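Trainee: Take a look at the following structure, please.
The values are calculated or read from the model by the stated rules, or taken from the named source; none is laboratory data. This is a predicted model, so every value here is computed, not measured. Cβ atoms come from the backbone with ideal geometry, glycine included; neighbour counts cover every protein chain shown.
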Amino acid sequence: MTLSSRDAALKRSRAYAHLRNCNLCPRLCGVNRYEKTGVCLVGTDVVVNVIAPHFGEEPCVQGHNGSGSVFFSMCNLRCSFCQNHDISHQKNGFNLSPEQLGEWFVKLQEVGSTHNINLITPEHVVPQVALAIMHARELGLTIPIIYNTSSYDSLASIELLDGLVDIYLPDFKVWEPSTSKRLLKAPDYAAAARESIKAMHAQVGDLCFTGDGIAKKGLLVRHLVMPGLEAESKKIMEFLAEMVSTDCFVNIMEQYHPDAHVGKSRRKTSGGKDKEAEEPGGSHDDVRYSDINRAVTNDEISSVRKAAEAAGLWRFCDPPGHDGFNI
């Protein structure tokens, strides 16, 4: 994608304006990030934990040379089960300006020979990311940009990224507001995810590939199957088929494991009372989030896959039965 000089100037102006009145995620903090921070605790510089070629993604994303992954520190969600909590819940890493970040994109392309630039959990730094992409393109960046998101995005974010992102990779986590309030600390999560994923698909369409099976443009939706939440998983699959596309490329993931706050000892007040008695299982449970303090079963995974197929979905990220990649 190539932006005209006028469109690029407009995007830069909007990005800086959003930083001065931050409203590019559903938290709508409204803070001036040149002076203070909101929920994400990140100002005008991005905080990056790792920048490197990465081989832990879908085969069509990582390819042979790896995905040029940028792991951003902090997040606009507070998932109790976060599988990357050491990055997303802690401000570990180094600060980069948008221009410095864009220069790293070019290094990944030229030195790492990566297939793409993979922006991991960038929802809280969309203005900086937009500025970095435009700067990198001026320096010669040509490989696809992947926006790898937890799906807690605003439509304004997706609009700002139009013409800058080639592949959207949202992770649609849960469906019910009560579940997202308890586990993600965001009761409006599913509503935001539905609208943002539809907007992503409207921009880039269904996932398509190069001749050798590397993703080059489109939408790839992830869903992490969680213990006891198959009913919500099925609703997500039905939504993708009915409201996005039956040709939507879906990765039904089975690697959930108790992490972050799950399985930890329950917190007590100074008077000895349980602070978390509202959690399922009641105050007699010894650990936090006991209902998801286990791995998913094969039956749960199979149930979600069957529901996806019954809804009309057919393009899944399965292990290839050959030495190449699935298309």
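Trainee: Would you mind stating whether ARG182 is part of a helix (DSSP H, G or I), within 15 Å of the chain's Cα centre (by Cα), of a type outside the set (Phe, Trp, Tyr) and more than 28 Å from SER13 (Cβ to Cβ)? Can you show your working first?
Mentor: Numbers: part of a helix (DSSP H, G or I): yes; within 15 Å of the chain's Cα centre (by Cα): no; of a type outside the set (Phe, Trp, Tyr): yes; more than 28 Å from SER13 (Cβ to Cβ): yes.
No.
Trainee: State yes or no: is LEU207 farther than 28 Å from ASP259 by Cβ and aliphatic (A, V, I, L, M)? Please lay out each step first, then the result.
Mentor: On the way: farther than 28 Å from ASP259 by Cβ: yes; aliphatic (A, V, I, L, M): yes.
So LEU207 passes the test.
Trainee: Can you pull out the residues in region 269-293 that are surrounded by 12 or more Cβ atoms within 10 Å (Cβ to Cβ) and either modelled with pLDDT of 95 or more or within 15 Å of LEU183 (Cα to Cα) (or both)?
Mentor: GLU276, ALA277, GLU279, GLY281, VAL287, ARG288, TYR289, SER290, ASP291, ILE292, ASN293
Trainee: Just one of (1) free of Cβ contacts under 8 Å to residues at least 12 places away in the same chain; (2) buried (at least 18 other Cβ atoms within 10 Å of the Cβ); (3) not β-branched (Val, Ile, Thr) trips up TYR189, so point out which.
Mentor: The failed condition is (1).
Trainee: Only residues that are more than 22 Å from ARG182 (Cβ to Cβ) and aliphatic (A, V, I, L, M): list them for region 240-262, please. Break it down into steps so the answer makes sense when it comes.
Mentor: Initially, region 240-262 is screened for residues more than 22 Å from ARG182 (Cβ to Cβ), giving 240-252, 254.
Correct list: LEU240, ALA241, MET243, VAL244, VAL250, ILE252.
Trainee: On to the next question. If a residue must be part of a helix (DSSP H, G or I) and under 28 Å from SER290 (Cβ atoms), how many such residues does region 140-179 contain?
Mentor: From region 140-179, those part of a helix (DSSP H, G or I) are 155-161, 177-179; that's our starting set.
With under 28 Å from SER290 (Cβ atoms) added as a condition, the list becomes 177-179.
Residues flagged as part of a helix (DSSP H, G or I) and under 28 Å from SER290 (Cβ atoms) within region 140-179 amount to 3.
Trainee: Among (1) at pLDDT 95 or above; (2) over 17 Å from the mean Cα position of the chain (by Cα), which single condition is GLY68 missing?
Mentor: (2)
Trainee: With the checklist (1) touching a Leu at 6+ places or on another chain (Cβ under 7 Å); (2) buried (at least 24 other Cβ atoms within 10 Å of the Cβ); (3) over 24 Å from SER80 (Cβ atoms) in hand, flag the one item VAL174 doesn't pass.
Mentor: Evaluating VAL174 over (1) touching a Leu at 6+ places or on another chain (Cβ under 7 Å); (2) buried (at least 24 other Cβ atoms within 10 Å of the Cβ); (3) over 24 Å from SER80 (Cβ atoms) leaves (3) as the failure.
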